[in-house]
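**Student:** Below you'll find the structure I mean.
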């Protein structure tokens, strides 16, 4: 994600944008409500739909700006792309890739997200993925420590009987 550049941006809702990045023909949809909400006083002007609608590409594609690059009402292209990617749907293929990436059994993956192995198997085939599960899986991809802290590996076979 070294040279992320924005080619086009337009407001679509009071907190949503359509964005096209360099090297892509697709317009990506992104909702910045959470970013605005947590941005404090600096971003509070963006709560006004008329201000938000005055969006443009700034700094030669390195940012999106609402004040023509003259102030603090901007988000850089890298962080905007990260939010876009985070908001993409997380589907069954993504679940399978995640499990394969970390080489987890169905039981280990199910334990991590707090569901039964049969529910996990359904996530891998045809069920819609609950938001909490998607958030957990994405967080573990971004930060392996998250996975390491919460994963409880399983061993194969039955536990040994203890001798008395």
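**Student:** Here are some residues: 115, 84, 133. Which one is within 25 Å of residue 40 (Cα to Cα), surrounded by 15 or more Cβ atoms within 10 Å (Cβ to Cβ) and either out of contact with any helix residue (DSSP H, G or I) (no Cβ under 9 Å at 6 or more places or on another chain) or not assigned by TED's automatic domain parsing to the domain that holds residue 30 (or both)?
**Tutor:** 84
**Student:** Take region 19-42 and flag every residue that is touching a residue at least 12 places away in the same chain (Cβ under 8 Å), farther than 18 Å from residue 76 by Cβ and outside any helix (DSSP H, G or I).
**Tutor:** The answer is 27, 29.
**Student:** Would you tally the residues in region 138-157 being in a helix (DSSP H, G or I) and without any contact (Cβ under 8 Å) to a residue 12 or more places away in the chain?
**Tutor:** Qualifying residue count, region 138-157: 7.
**Student:** Filter region 43-68 for residues that are over 24 Å from residue 26 (Cα atoms) and either in contact with a helix residue (DSSP H, G or I) (Cβ under 6 Å, 6 or more places away or on another chain) or part of a helix (DSSP H, G or I) (or both) and give the result.
**Tutor:** Residues satisfying the conditions are 43, 44, 45, 46, 47, 49, 50, 51.
**Student:** If you check 51, 84, which single one turns out to be free of Cβ contacts under 8 Å to residues at least 40 places away in the same chain and within 30 Å of residue 22 (Cβ to Cβ)?
**Tutor:** 51 is the lone residue from the list that is free of Cβ contacts under 8 Å to residues at least 40 places away in the same chain and within 30 Å of residue 22 (Cβ to Cβ).
**Student:** Filter region 92-110 for residues that are part of a loop (DSSP other than H, G, I, E, B) and in contact (Cβ under 8 Å) with a residue 12 or more places away in the chain and give the result.
**Tutor:** Listed by number, the residues that qualify are 104, 105.
**Student:** Then there's this: Quick one: how many residues across region 54-72 are surrounded by fewer than 12 Cβ atoms within 10 Å (Cβ to Cβ) and free of Cβ contacts under 8 Å to residues at least 12 places away in the same chain?
**Tutor:** Of the residues in that region, 2 qualify.
The values are calculated or read from the model by the stated rules, or taken from the named source; none is laboratory data. Note that the coordinates shown come from a computational prediction; the quantities given were computed from them, not determined experimentally. Positions of Cβ are generated from backbone atoms using ideal geometry, with glycine treated the same way; all protein chains shown enter the neighbour counts.
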